[in-house]
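Everything on this sheet refers to the single structure shown next.
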Ligand code: NDP
Ligand code: GDP
């Protein structure tokens, strides 16, 4: 039986990947970081909490990484753990560098020393392309990061290539464009919208506050993207691949589609708020996954409006259950209103 070690198993991709690998017959070990309140709702939501084996790892602690590799004895490592929210990386640039950037090198060093035959997947990102390009982006496109998050990811991406070339490690970068799902974090714009639209449609909220709604993204469906991660590690040679849908849409369009599903006019429910504008934003992302299609045989099946529908249906269902007093694993009911969170964007009234 193959062993897989998945870092960040409590996150969106970690949970879907664990589910995917279990179905493939893997023994799945997942790393989580110790929090004062456990955070396993996604694994519970997918019904796999009892099927995965958990190991406490913090990417700030090399010792915990080495121990996890020794215990799990993995054939494959999927490094998904990171401080994944671009907006937060402007508030915590050092943590971004240490967790999202240096954390990866701790894995690569541990592998070089004690597990050189393990196959390694690194969660790279389309954010590395930055804000300069208004044409589609492929594996050969120049990177020019526009956030502390993207800069940290580009460092990690480069180190994966260096360890692959310099030490012969089987290490791959998956350059994934945005991918969403009903278990996407609530601070990301798609889920923030579907969650709010669900509440508005049930009379639980009046409006949504957003930032730059003209930005364009190439949005895909997370459960399909984790399969591409796995496919990369099944090839004869390690390489880097773009995973995307080759489509791009504005946040405005996402609003239109989401509100359409509940029969409301989006423009009546939107407020633009400075606090959600980033110091530098990435205005245009559109992937080109031709290499992945050709070499991995991978194709995205769920496109833009299908994705919005899946997410919206699920948020509406959950809020209806909540109104009926049902209990089930879910993040939204205890997520703080963003207004509670003070940030450097906020001007205090004195
Ligand atoms: P999530 O934010 O849902 O999950 C991130 C995971 O990383 C969580 O399990 C989190 O743990 C963990 N983590 C954060 N900090 C640390 C730390 N210091 N030590 C150990 N674990 C930590 O992200 P996604 O699942 O959406 O994304 C997975 C990966 O793919 C990330 O690296 C992300 O940057 C990258 N990516 C994602 C894209 C997307 O559109 N989803 C696009 C391109 C790349 P906890 O639950 O405790 O917070
Ligand atoms: P990202 O592409 O990884 O940064 O994913 P996000 O979902 O966080 O953001 C996608 C785009 O939506 C970015 O261009 C944001 O500036 C834009 N956006 C506009 N309003 C909001 C908002 O209220 N929250 C978030 N997260 N993004 C917003």
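Where a number appears in this text, it was derived from the coordinates with a stated rule and is not lab data. All figures in this text were calculated on a predicted structure; none of them were measured in a lab. No Cβ is skipped: glycine too gets one built from the backbone with ideal geometry, and neighbour counts run over all protein chains shown.
Give the residues of the range 1-10 that are in a loop (DSSP other than H, G, I, E, B) and surrounded by fewer than 24 Cβ atoms within 10 Å (Cβ to Cβ), sorted by residue number.
1, 2, 8, 10
Taking the range 180-204, which residues are within 14 Å of ligand 1 (Cβ to nearest atom) and farther than 21 Å from residue 277 by Cα?
The answer is 181, 182, 183.
Any idea which of 291, 295, 286 is under 30 Å from residue 171 (Cβ atoms), buried (at least 20 other Cβ atoms within 10 Å of the Cβ) and out of contact with any helix residue (DSSP H, G or I) (no Cβ under 7 Å at 6 or more places or on another chain)?
286
Could you tell me which residue of the range 19-42 is surrounded by the most Cβ atoms within 10 Å (Cβ to Cβ), considering only residues that are within 11 Å of ligand 1 (Cβ to nearest atom) and in a helix (DSSP H, G or I)?
42
Please go through the range 49-62 and give me each residue that is assigned to a loop (DSSP other than H, G, I, E, B) and within 16 Å of residue 3 (Cβ to Cβ), ordered by number.
51, 52, 57
Wholly within the range 180-263, which helices (runs of 4 or more DSSP H) include no fewer than the required count, namely at least 2 residues that are without any contact (Cβ under 8 Å) to a residue 12 or more places away in the chain?
In the range 180-263, 251-261 are the helices (runs of 4 or more DSSP H) which contain 2 or more residues that are without any contact (Cβ under 8 Å) to a residue 12 or more places away in the chain.
Give me a count of the residues in the range 96-122 that are touching a strand residue (DSSP E or B) at 6+ places or on another chain (Cβ under 6 Å) and outside any helix (DSSP H, G or I).
Of the residues in the range 96-122, 5 are touching a strand residue (DSSP E or B) at 6+ places or on another chain (Cβ under 6 Å) and outside any helix (DSSP H, G or I).
Could we say that residue 134 is more than 16 Å from the chain's Cα centre (by Cα), more than 11 Å from ligand 1 (Cβ to nearest atom) and in a helix (DSSP H, G or I) here? Steps first, answer last, please.
Working: more than 16 Å from the chain's Cα centre (by Cα): yes; more than 11 Å from ligand 1 (Cβ to nearest atom): yes; in a helix (DSSP H, G or I): no.
No, not satisfied.
Could you tell me how many of the residues in the range 63-89 are near ligand 1 (Cβ under 10 Å from one of its atoms) and either part of a loop (DSSP other than H, G, I, E, B) or under 15 Å from residue 108 (Cα atoms) (or both)?
Of the residues in that region, 10 qualify.
Scan the range 319-332 and tell me whether some residue there is touching a helix residue (DSSP H, G or I) at 6+ places or on another chain (Cβ under 9 Å), farther than 30 Å from residue 242 by Cβ and within 16 Å of ligand 2 (Cβ to nearest atom).
Yes: one or more hits.
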